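The values are calculated or read from the model by the stated rules, or taken from the named source; none is laboratory data. Predicted model, so just to flag it, every value in this text is computed and none were measured. No Cβ is skipped: glycine too gets one built from the backbone with ideal geometry, and neighbour counts run over all protein chains shown. The area values use the complete protein model at the heavy-atom level, side chains included, leaving out ligands, DNA and RNA. Shrake-Rupley method; radii C 1.70, N 1.55, O 1.52, S 1.80 Å.
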Amino acid sequence: GIYMTAGELTDCYGYSAAVGGIDCYGGSMRNCVGFGGGSVGLTVNGGAVIAINCTGYSIAGAGISGSSSLMFNCTGYSTASAGISLVNGTMYDCLGYSSVGNGIYSWNSGVAVSEVRSCKAISTAAVALYMNNTTAGCKIYNTEAYSKWNNALGHGVVVAGSNTEIVQCTIEVTNASANAINAASALTTKYANNAFKGSTTPINANITQSIINTHDNQGNILV
């Protein structure tokens, strides 16, 4: 639909029945919508790329796919993959929704730390928020994760790296056998001030709490 490597894209709509809706490999986007009939709805790829108030829809890939980028108040919808997929990047106030895959899927490459702050991840058929950060961990703050998948594997948040921080989040599952926070192998995770709903065992046995501090009299804690 639209392909750009530099400049600014504002109030635009990119559509393609065969490939991606909007592919941005440089510059910035504001108030744009991308629909991908054959690939990703909205691609935000590059260390200096910024997307603000943008939306990506896809019936063939992720709603939004990013790499080393910044996203503010963006929304990704997908009926084929993750709502939002991001590597080595940061997202603020974003929503990822998927009827097939993860609401939000994020991972690290190298020593970078991916961050999900004040976001929402919703899935009707998979883990809501999957942080596949095997090297440096990740940061999940003030985020909501809802898995509507009525299956024991329908976890709210799955982490795959130690040093991950999960703070002030609301995590809800549909199946009581699913975990609010899950890990496939043993690791340490910092988690505090979270609200869990729907899970008989909110924290998977593979996860060890790595916060050694306690709240002070005013309720503050050093993470």
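Odds and ends about this structure:
- Cβ crowding within 10 Å averaged over residues, with 96-106, 52-62 ranked highest first: 96-106, 52-62
- Computed over region 126-223, Kirkwood Rh from alpha-carbon pairs, angstrom: 13.3
- Taking the Cα atoms of region 5-93, the ratio Rg/Rh between the radius of gyration and the Kirkwood radius comes to 0.93.
- In this Cβ point-charge picture (+1 for Lys and Arg, -1 for Asp and Glu), the chain has a dipole of about 280 debye about its Cα centre.
- Estimated D of region 150-205 in µm² per second, where Rh is the Kirkwood radius over Cα pairs and Stokes-Einstein applies at 10 °C, 1.306 mPa s: 143
- Fully extending the segment from residue 215 to residue 150, taken as 0.36 nm per residue of separation minus the present Cα-Cα distance, adds 19.9 nm.
- Which of 204, 85, 3, positive extreme of dipole for the chain (C-beta unit charges): 204
- Alpha-carbon centroids, region 129-206 and region 1-58: separation in whole Å: 30
- Among the protein heavy atoms of the chain, carbon and sulfur supply 49% of the accessible surface, probe 1.4 Å, non-protein parts ignored.
- Principal axis box of the chain, alpha-carbon based, largest edge first, Å: 51, 34, 30
- q = 0.11, 0.20, 0.24, 0.27 Å⁻¹: log10 I(q)/I(0) that the Debye formula gives for region 92-170, counting C-alpha atoms only: -0.24, -0.77, -1.06, -1.23
- Residue 132 paired with residue 19, simple spin-label distance in nm, labels 7 Å along Cα-to-beta-carbon: 2.4
- Of 123, 107, 183, farthest towards positive along the dipole that unit charges on Lys, Arg, Asp, Glu beta carbons give region 65-223: 123
- Probe 1.4 Å, accessible area per residue of region 142-223, Å²: 50
- Förster-model FRET efficiency, 22 Å R0, residue 222 and residue 184, C-beta, rounded to 0.05: 0.15
- Estimated distance in nm for a label pair at residue 5 and residue 48, the labels positioned 7 Å out from Cα along Cα-to-Cβ: 1.4
- Accessible area per residue for region 1-138, computed on protein heavy atoms with a 1.4 Å probe, is 36 Å².
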